[in-house]
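S.K.: Questions regarding the structure given below will be posed in turn.
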Amino acid sequence: MHRRTPAILTLALAVLLACTPQATPTPTPSPTPALATPTRQPVASPTSTATPTPTPTVSPPIASPTPSPTTAPARPASSAPPERDMYDLAARLALKDGRPIPRVVNPKPVSYAQGREDTFQVADIPNRRVYSVAATLQLVTEHAYWYVDDAERFSRPDMEKAAKLFEEVIYPRITNLFGPELSPGIDNDVHLTILHTPLNGVAGYFSTADEYPLQVHPYSNQREMIYLDIAGLPLGSVAYLGTLAHEFTHAVQFRADPTEEGWLNEGLAEFGKRLAGYTPSFQGAFFAAQPVSLTAWPLDLGSTAPHYGAASLFTDYLAQQFGAASLRTLLEEPANGLASVTRYLEAEGDGRTFREVFADWLVANYLDDSRGGVYSYPDSFIVGFQPLPLGGPTNVEDMAPQYAARYYSLPVNIPGLRIVFQGQPQTPLLPQQPPSGERCWWGNQGDSIDTTLTGRFDLPPGKTLTLDYSLWYEIEQGWDFAYVEVSTDAGRTWDILEGKHTVRVDSLRNAFGPAYTGASGGWLRERIDLSPYAGNSILLRFEYVTDDAIHGAGLCLDDIALLGAGFFDDAESDGGAWEAQGFLRAPYQVEQEYLLRLIEVNAAGATVTAVPVGQDGTATFTLDAQAAGVDVAVLVVAPMNDRTLLPAAFRLDLSSAR
């Protein structure tokens, strides 16, 4: 039996880091707090202490190549990979009978009473397994059902207190700004289900698998649902209520934009916690762990706390620069990730581009200018980064992840200090070069994506036919999958093929069938028998599907051959055999961009200078701090590339120009 489509479990790892203690909000309805939108303040013009070289043209990120057509004209490839449609995936890969899949499982509205008993499917996230929990409905409020695991004890007064706070504080504050959750949703019930059960070290989660019928995901509970760790979160505690606010915001996000990038979802969910009156949990972890990427999260869930902090701080910065009310535009923007932020800034911003806002945010994370303006968090206090002190003359070889920053304190006691920055002009797309040539068919990267590489082939009869290809992959194990498929009915349904390196183990039931998941550890050679399809006209497809949260670098294919049918593609040129939807014929090396900012501080304030970087990755400028009365000079270095998840390397050389 074919497995179903991947599903997301959006995590709140608050149990790993203690929330900042604060008073429990008074259970009184109140309007959404509005953060003031500060007036943009002018920044002092750069002085002669920083003399950048003339601004060259900056190399753009890798361009999206034109897709190879099939016998019919192919649609142009988009720079954004196609979004995952779970109903379409289930219909094509699992059901195959053409019957429509219901979007609501109860034709008539339903409502349940206290004392009802149900059995739920619960995920053990660290161990990637699902188990059943028997629970009883202990309390019903206007917007929620409050269930407790039958094996657990609880305090009814504490639950009633928590439910009152949810209904009178958390729910109205979040929905007043971000809008409602999906209600009535898949179950045709206006109530959200909140299940209290042990979660093996995870504070809580919201699972979009539950938003689909069993035909789409066999472990769906078929209702809007939040899971909270009764073992680690005392009912009614600050940690409990903050986690509830975070996960409820995820429920609202699913209604607004179910395919948003995970990093942006988490930033907005942490802001939902702030709206409800609770301090985000991870910002200190971000400042303690530089450099931390805003957009690229590690596959190891235990290492994500600093990334939650980055996303939380970036969302706070947007709210304080453009007003909290503007974040609804961001939450409901259909585009995803950086494209979503770009469109949000076009609608709600002050004329700055994403690149400019990102740079100003990096400066604010060190400076937090007391005068306000674009280099500050006007309505909050942040810890700030401690830069790495550099002596001089010296040289430093370093690296940083994409959309992360290194901070360096430059010596101010060297007259005419000359700083030469040399960044690698290109960064590998993958850790290892393709086995032949410079290009491979890359399945792209992102959350909630479904990319395909499809070719039409007429297979000769009566012959042994073998699909032979090289592949490399880094795919979130158990959550994201890549498939090899064949269709004999013009793409209406597909057979999933099994290879030497595909796996069938899928305890979470997220996959449709044999698939690539996890890490290949290098380039592998795969062979799959196509002899059963001899004499047929087929569609051959490679398909990469990710869930809603963390993702790896994806997969790349090279030297694709149909042995016995006379076909070979080494991805070095556009041979016209494929229709690429989200797949790119990508080079091994992609152009690398860097963002440099020089911060000079004295008693009068701070001056920030944009240091231009050439196409060759170099920048040269001088600093005469003593002559200019500069007390502190800090250089911020941030690599920026939308394609690769690998860090960029660079070198700093400091010498005296005199």
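S.K.: Two decimals is fine: what's Rg over Rh for the range 282-349, C-alpha atoms, Kirkwood radius as Rh?
M.R.: Working: Rg = 13.0 Å, Rh = 12.8 Å.
So for the range 282-349, dividing Rg by the Kirkwood Rh gives 1.02.
S.K.: Which chymotrypsin sites (Phe, Trp or Tyr not before Pro) from the range 372-431 combine a DSSP loop assignment with at most 15 other Cβ atoms within 10 Å? Mind dumping the intermediate values first?
M.R.: Values: sites: Y375, F381, F385, Y403, Y407, Y408, F421; in loops: Y375, F381, F385, Y403.
Counting only loop positions with at most 15 other Cβ atoms within 10 Å, the chymotrypsin sites (Phe, Trp or Tyr not before Pro) in the range 372-431 are F381.
S.K.: Give the calculated FRET efficiency between R355 and A604 to the nearest 0.05, with a Förster radius of 30 Å applied to their Cβ-Cβ distance.
M.R.: Values: r = 28 Å, r/R0 = 0.93.
For R355 and A604, the calculated efficiency is 0.60.
S.K.: At 0.36 nm per residue, and after removing the present C-alpha to C-alpha distance, how many nm does the segment from V396 to S132 gain when stretched out fully? Please report the intermediate quantities before stating the final value.
M.R.: Numbers: separation 264, 0.36 × 264 = 95.04 nm, distance 5.44 nm.
Roughly 89.6 nm would be gained on extension.
S.K.: Mind putting a number on the dipole of the chain about its Cα centre? Charges go on the C-beta only, +1 for Lys and Arg and -1 for Asp and Glu, and I need it in Debye to the nearest 20. Each step should come with its number before you reach the end.
M.R.: On the way: 44 positive and 75 negative charges, 36 e Å.
So the magnitude is around 180 debye.
S.K.: How long, wide and thick is the chain, going by the Cα atoms along their three principal axes, in whole angstroms, largest first?
M.R.: So the three principal-axis extents are 81, 72, 37 Å.
S.K.: While we're here: To the nearest 0.05, how large is the calculated FRET efficiency for N413 and S370 if R₀ is 30 Å and r is the Cβ-Cβ distance? Show your work: numbers first, answer last.
M.R.: Values: r = 26 Å, r/R0 = 0.85.
E(calc), rounded to 0.05, equals 0.70.
S.K.: Using a basic spin-label model with each label point 7 Å from the Cα along Cα→Cβ, how many nm lie between T279 and D88?
M.R.: In this crude spin-label approximation the distance works out to 4.5 nm.
S.K.: So what's the range 194-239 giving for Cα Rg divided by 2.2 N^0.38 Å, two decimals?
M.R.: Numbers: Rg = 12.1 Å, N = 46, 2.2 N^0.38 = 9.4 Å.
So the range 194-239 has a normalised radius of gyration of 1.29.
S.K.: In the range 430-587, if the dipole is taken from +1 on Lys/Arg beta carbons and -1 on Asp/Glu beta carbons about the Cα centre, which of G491, P435, Y533 is farthest to the positive end?
M.R.: Sorting the options by dipole projection puts first Y533.
S.K.: Less than 16 Å from a label point 7 Å out along the Cα-to-Cβ axis of A649: which backbone N atoms in the range 419-437 qualify, by residue?
M.R.: Answer for this model: 422-433.
S.K.: Please give the contour-minus-distance gain from D97 to Q433: 0.36 nm per residue of separation, less the Cα-Cα distance, rounded to one decimal in nm.
M.R.: Values: separation 336, 0.36 × 336 = 120.96 nm, distance 4.20 nm.
Between D97 and Q433, full extension yields 116.8 nm more.
S.K.: Once the principal axes of the Cα atoms of the range 571-642 are found, what is the range along each, listed largest first in whole angstroms?
M.R.: Extents along the principal axes: 65, 21, 12 Å.
S.K.: Just want the answer: with Cβ charges of +1 for Lys and Arg and -1 for Asp and Glu, which residue in A151, C556, N106 is farthest toward the dipole's positive end in the chain?
M.R.: Farthest along the dipole direction, towards plus: A151.
S.K.: Which value results when the Cα radius of gyration for the range 480-555 is divided by 2.2 N^0.38 Å? Please report the intermediate quantities before stating the final value.
M.R.: On the way: Rg = 13.4 Å, N = 76, 2.2 N^0.38 = 11.4 Å.
Its radius of gyration relative to the 2.2 N^0.38 Å reference: 1.18.
S.K.: Computed from the mean reciprocal separation of all distinct C-alpha pairs, what Kirkwood hydrodynamic radius does the range 430-587 have, in Å? Display every interim value, and only then the final one.
M.R.: Details: mean 1/r = 0.0635 Å⁻¹.
Hydrodynamic radius (Kirkwood, Cα pairs) of the range 430-587 is 15.7 Å.
S.K.: Give the residue from A359, L331, S207 lying farthest towards the positive end of the charge dipole for the chain; charges sit on Cβ (+1 for Lys and Arg, -1 for Asp and Glu) and the dipole is referred to the Cα centre.
M.R.: Ranked along the dipole, the leading option is A359.
S.K.: Write down Rg/Rh for the range 375-459, rounded to two decimals, with Rg from the C-alpha atoms and Rh from the Kirkwood relation over Cα pairs.
M.R.: Numbers: Rg = 22.3 Å, Rh = 19.0 Å.
My calculation of the ratio gives 1.17.
S.K.: If I stretch the segment between Q626 and Q114 completely, what's the gain in nm (0.36 nm per residue apart, minus their alpha carbon distance), one decimal?
M.R.: Numbers: separation 512, 0.36 × 512 = 184.32 nm, distance 7.35 nm.
Result for the pair: 177.0 nm of gain on full extension.
Values quoted throughout were computed directly from the atomic coordinates according to the rules given, and no laboratory measurement underlies them. Source: prediction; values computed, not measured. We place every Cβ from the backbone using ideal geometry, glycine too, and count neighbours over all the protein chains shown.
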